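Below you'll find the structure, written out as structure tokens, and then a few comments.
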Amino acid sequence: MRGTLRVGACQTPEILGDTGSALECIEDFAKKADAQDVDLLLFPECFLQGYLVEEQHIRQSALDLSSSVFDSILKSLEGIKPALVFGVIERDGQRYFNSAVVVTRGRLLGVYRKTHLVPGESLFHAGDAYPTFELHGVRFGINICHDTQFAEAAAPIAAQGAQLLLVPAQNMMRRATAIHWKHLHNTIRAERVRETGMWLVSADVTGERDEDRVGLGPTSVINPLAELVAQVPLMTTGMIVADIA
């Protein structure tokens with residue numbers, strides 16, 4: 001039976017190399033989400049360890065999802081009511097993936113591995129599958145950031161009957177590039193919505209990394225008519241909530 005899923009999308013500060021602070025951020029948003037009866041919380045790309053595509057950072061911070069270290073992270077999330085979707089740097093043997101995990105009450109439900117990598121992500125391997133998940137009668141899948149520029153990344157999810165596409169993103173960019181892309185993110189995502197008829201909910205980081213790099217966002221909700229219906233203001237942290245049916 002088709003139901004309704006209340007989704008919260010979180011626009012966060014960029015957290016690099018500090019898993020403890022990332023988990024605290026998740027807990028803080030979860031407390032706010034409880035007051036609004038949110039069923040699922042979405043966080044940015046590589047959120048747990050921070051999106052820094054440098055060999056030392058990836059090798060030191062990547063996590064095997066079957067490891068005791070990741071088990072302890074899951075255990076710390078047992079008390080959070082909403083399901084969680086957040087980005088991780090994943091290690092599987094000798095390979096590294098830009099992944100997003102689906103977690104509920106401290107239990108790993110599944111993982112999506114980014115399929116379309118940008119040139120700067122050569123340290124990662126590309127994923128090759130498009131799993132979908134169901135919560136409260138709503139089926140959803142995941143594309144990560146750059147994936148949304150490709151129709152073939154969203155189409156397999158829609159083909160499985162999904163009503164919702166979740167997009168963890170991380171658009172900390174050089175300032176001129178960030179300004180260029182300021183509105184293009186939603187324009188591109190709206191194309192995927194027109195093709196598939198799915199809702200699209202994205203989550204991103206915001207703030208300044210240094211003098212050269214800035215994250216504007218956007219964290220937003222686009223409805224099946226390809227209309228932008230909610231967005232966290234650029235350069236502010238916060239959460240938007242949408243009911244997906």
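The values are calculated or read from the model by the stated rules, or taken from the named source; none is laboratory data. A quick note: this is a predicted structure, and the numbers were derived from the prediction, not measured. Glycine gets a Cβ as well: all are built from the backbone with ideal geometry, and neighbour counts include every protein chain shown. Remember, those area values only see protein heavy atoms, side chains included, never the ligands or the DNA or RNA. Shrake-Rupley method; radii C 1.70, N 1.55, O 1.52, S 1.80 Å.
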At R0 = 41 Å, FRET efficiency that the Cβ-Cβ distance of S72 and D210 yields, to 0.05: 0.80
With each label point set 7 Å from Cα along the Cα-Cβ vector, what nm distance links H180 and K81? 4.5 nm
Starting from 0.36 nm per residue, how many nanometres of slack lie between V118 and A35 once their C-alpha separation is accounted for? 26.1 nm
If you split all Cα-Cα distances of the chain into 10 Å bins from zero, what percentages do you get per bin, shortest first? 8, 35, 40, 16, 1, 0
Could you tell me the accessible area of K81 in Å² (1.4 Å probe, neighbours in place), rounded to the nearest ten? 130 Å²
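Given 4 °C and 1.567 mPa s, compute D for the stretch 117-245 with the Stokes-Einstein relation, Rh being the Kirkwood radius over Cα pairs; round to the nearest whole µm²/s.
85 µm²/s
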Per DSSP, loop GluC sites (Glu not before Pro) in the stretch 156-245 with at most 13 further Cβ within 10 Å: E211, E227
Euclidean distance between Cα centres, the stretch 1-75 to the stretch 156-223, Å: 17 Å
How do D39, D204, D128, D243 stack up against each other in accessible area, from largest to smallest, with a 1.4 angstrom probe? D128, D243, D39, D204
Report, in order of residue number, the helices in the chain meeting two criteria: a C-alpha extent of 18 Å or more along the helix axis, and a mean Kyte-Doolittle hydropathy of at least -1.0; treat each whole DSSP H run as one helix. 19-34
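Give the accessible surface of the chain per residue, rounded to a whole number of Å², with probe radius 1.4 Å and ligands, DNA and RNA excluded.
Accessible area per residue, the chain: 43 Å².
Would you calculate the volume per residue, in Å³, of the smallest convex hull containing every Cα atom of the stretch 1-44?
Cα convex hull per residue, to the nearest whole number: 80 Å³.
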With a point put 7 Å past each Cα toward its Cβ, work out how far A230 is from D64 in nm, to one decimal. 4.0 nm
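For S21, S202, S122, give me the order by solvent-accessible area with a 1.4 Å probe, most accessible first, ignoring ligands, DNA and RNA.
The residues order as S122, S21, S202, largest area first.
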In the chain, what % of DSSP beta bridges are antiparallel (nearest 5)? 70 percent
I'd like the accessible area for D212, computed on protein heavy atoms only with a 1.4 Å probe and all protein chains in place. Round to 10 Å², please. 90 Å²
